[in-house]
C-alpha cells in the first residue's frame, strides 16, 4: 500500500536523419551508455528504459501514444543529443498525457578543444537542440520540468529522481479513492469542498459511507485475529498502563485492533487508499478510531480527521511521492510564543502519523473529551527534527488553492507528562510573524500534510501538472 514499485520511465533521445546512419549510431550508443549508467547509479527510484531514436514526427507520435497506453510508464524524459527540429515534436507532445522532463545535458562534459571539428559540432549540439525543443514546449504550454546540468553529477541525478517521484504521484492521483465514514464535521469551513471538481482536476474519487457500514465489518472480526494483532502491538511499541488495570487497558487496545483489521478489509475490498472519520458520527462504535488509524497511516493509507477528504487524498498523494517516509496528516494546535522560541505545536485528538516518530511510540489509553465514547487507545511519541514542507488545500468556491510553507521541525526538549497525544513541533519560515500571517491571509487551513522528505519544488511541480493555484510561504 505504501509504495508504487512497478513503474518505469521512457528515455526519448532527439536527433534527425540529416547527419547519416553513422552519426545516429553514435547517438544511440551514447544514449544507451547514459541509460545504463543512470540506472546503475542507485539514485533513480524507478528504471529508465531507452526508446528508439526520435528522428521523425511519426516515430515521436508513436512513442507518445504508447506512453499514454502503457500503465507501467509513468512519464517521459527527453534529451536533445543533436538538433531535433521541433515541428517533428508537435503532434506527439500534444498527445502526451503524462509528465515530461526535458534533460538539458550532453554526452561529453567538456569541449575537446584539441580535436574538435565540425563533425563533433554537428553530432553534439545539445545547446542548439535544447533551445529548439524548449521553444515548442513553451509554445504548447506544456508544464514540463527542465533539469539542467551534466548527467553524471549527483545533483542532476537527484533532481531527476525527485521529479520521478512527483510523476509517479501524479499518475497515482487518478487512482486515489477516499472513503468517508460519516460527513464533514458540522459548522467547520475548511473541510468542505467540491468533490466533482476534485475528481475532474486531480482524479480523486470520494465516496460516502455510513458508519454502520464499517461497524458491520468490525462485528465480523474474529477474536483470534484481534489477539494476534494485539501481540504484534506489544512487540513493536512500549506499553504504558497509566491509571488503568491491565485488563481494562488491554480491552481498550483490542478494540482498536478490531478497528484496524476491519478498516483495512473495508478499504482494500473497495480499492480505497485514503479515508476519513468524524467524532460526531460514531453510532455503533465503542471508541473513536485512534491507534487503528495511526497504524494504517504508517502503512501508507491517506487520512484526515473530521471528514476532511481533501487532506486525506493529499496525504495519500504525498505519501506516494515520499515513499511514505516522514510524511503525514497534521493539525495546527497551539503556539509557543516565547521570544526567540516561537513555534507551532502540531498534533490531533488521536491520529498523529507514527512515520514522524523520533522515538519508540508507546500505547496509552486516555479519556477523550469529545465523541461521548469509551476511552480510546493511541500511540504517543515525539516528532522528528528536519527541514520540511507543510501543505494545505482549500476550496475557494471558484477554484482550489494550495498553500505551501517551508518549516524546520525540531524534537521537543521539555517533557509533557499530561499530554495524551503525540506531538510534533516546528518553526515556520521565513519567521513566525510573517509565516503565520501569510498563511492566515492566504486562507491556509488547520489541517495539513507535512513531509520531512519532500521539497517545495516537488509540490510546485505537481501543482503545475494539474493546473492548481499555489502560494509559497518561505
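The values are calculated or read from the model by the stated rules, or taken from the named source; none is laboratory data. Small disclaimer: the values here were computed from a predicted structure and weren't measured. Note that each Cβ is placed from the backbone with ideal geometry, even for glycine, and that neighbours are counted across all protein chains shown.
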Do the conditions hold for residue 150, that is, is it more than 27 Å from the chain's Cα centre (by Cα), closer than 24 Å to residue 461 by Cα and in a loop (DSSP other than H, G, I, E, B)? yes
Members of the range 175-202 that are part of a loop (DSSP other than H, G, I, E, B) and at pLDDT 95 or above: 175, 176
With 416, 377, 385 as the choices, which residue is assigned by TED's automatic domain parsing to the domain that holds residue 255, in contact with a helix residue (DSSP H, G or I) (Cβ under 9 Å, 6 or more places away or on another chain) and either farther than 30 Å from residue 201 by Cβ or surrounded by fewer than 21 Cβ atoms within 10 Å (Cβ to Cβ) (or both)? 377
Just need a number here: residues in the range 84-94 that are modelled with pLDDT under 90 and surrounded by 22 or more Cβ atoms within 10 Å (Cβ to Cβ). 1
Those residues that are in a loop (DSSP other than H, G, I, E, B) and modelled with pLDDT of 95 or more, I need them from the range 203-213; list them, please. 203, 204
Filtered residue count, the range 303-336, keeping only those that are at negative phi and assigned to a loop (DSSP other than H, G, I, E, B): 4
Could you list, in sequence order, all residues of the range 263-294 that are touching a residue at least 40 places away in the same chain (Cβ under 8 Å), over 23 Å from residue 186 (Cα atoms) and surrounded by 21 or more Cβ atoms within 10 Å (Cβ to Cβ)? 263, 267, 272, 273, 291, 294
Could you tell me whether residue 421 is in the same structural domain as residue 246 (by TED's automatic domain parsing), under 21 Å from residue 285 (Cβ atoms) and either in contact with a strand residue (DSSP E or B) (Cβ under 7 Å, 6 or more places away or on another chain) or free of Cβ contacts under 8 Å to residues at least 12 places away in the same chain (or both)? yes
Within 30 Å of residue 72 (Cβ to Cβ), touching a residue at least 40 places away in the same chain (Cβ under 8 Å), touching a helix residue (DSSP H, G or I) at 6+ places or on another chain (Cβ under 9 Å) and outside the structural domain of residue 446 (by TED's automatic domain parsing): is that true of residue 206 in this structure? no
Tell me yes or no: at least one residue of the range 109-121 is in contact with a strand residue (DSSP E or B) (Cβ under 9 Å, 6 or more places away or on another chain) and assigned to a helix (DSSP H, G or I). no
Go through the range 352-365 and give me each residue that's over 13 Å from residue 256 (Cα atoms) and touching a residue at least 24 places away in the same chain (Cβ under 8 Å). 352, 353, 354, 355, 356, 357, 358, 360, 361, 362
I'd like the residue in the range 98-110 that is over 22 Å from residue 25 (Cβ atoms) and either surrounded by 12 or more Cβ atoms within 10 Å (Cβ to Cβ) or outside the structural domain of residue 161 (by TED's automatic domain parsing) (or both) and, out of all such residues, is farthest from the chain's Cα centre (by Cα). 104
Yes/no for residue 55 being more than 26 Å from residue 165 (Cα to Cα), touching a helix residue (DSSP H, G or I) at 6+ places or on another chain (Cβ under 7 Å) and touching a residue at least 40 places away in the same chain (Cβ under 8 Å): yes
Residues of the range 124-143 satisfying the condition of being under 16 Å from residue 85 (Cβ atoms) and either assigned to a loop (DSSP other than H, G, I, E, B) or over 37 Å from the mean Cα position of the chain (by Cα) (or both): 125, 140
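Here is a yes/no grid of residues against (1) surrounded by 16 or more Cβ atoms within 10 Å (Cβ to Cβ); (2) on the phi > 0 side of the Ramachandran plot; (3) assigned by TED's automatic domain parsing to the domain that holds residue 165:
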position: 435; (1), (2), (3): yes, no, no
position: 438; (1), (2), (3): yes, no, no
position: 443; (1), (2), (3): no, yes, no
position: 448; (1), (2), (3): yes, no, no
position: 452; (1), (2), (3): yes, no, no
position: 458; (1), (2), (3): yes, no, no
position: 462; (1), (2), (3): yes, no, no
position: 465; (1), (2), (3): yes, no, no
position: 469; (1), (2), (3): no, no, no
So which residues in the range 248-289 are assigned to a loop (DSSP other than H, G, I, E, B) and out of contact with any helix residue (DSSP H, G or I) (no Cβ under 9 Å at 6 or more places or on another chain), if there are any at all? 271, 279, 280, 288
Cross-chain or 6+ apart pairs with Cβ under 6 Å, the range 456-474 first and closer than 15 Å to residue 141 by Cα, then at pLDDT below 95 and surrounded by fewer than 21 Cβ atoms within 10 Å (Cβ to Cβ): 464/143; 465/143
Tally of residues being loosely packed, with under 14 Cβ neighbours inside 10 Å and at pLDDT 95 or above across the range 136-145: 2
Any residue in the range 376-386 that is part of a strand (DSSP E or B) and either free of Cβ contacts under 8 Å to residues at least 40 places away in the same chain or within 20 Å of the chain's Cα centre (by Cα) (or both)? yes
Test for residue 192: is it within 23 Å of the chain's Cα centre (by Cα), in the same structural domain as residue 366 (by TED's automatic domain parsing) and over 24 Å from residue 324 (Cα atoms): yes
Given (1) farther than 30 Å from residue 289 by Cα; (2) in contact (Cβ under 8 Å) with a residue 24 or more places away in the chain; (3) not in a helix (DSSP H, G or I), index of the condition residue 158 fails: (3)
Output the residue which, of all residues in the range 230-244 that are in a helix (DSSP H, G or I) and touching a helix residue (DSSP H, G or I) at 6+ places or on another chain (Cβ under 8 Å), is surrounded by the fewest Cβ atoms within 10 Å (Cβ to Cβ). 230
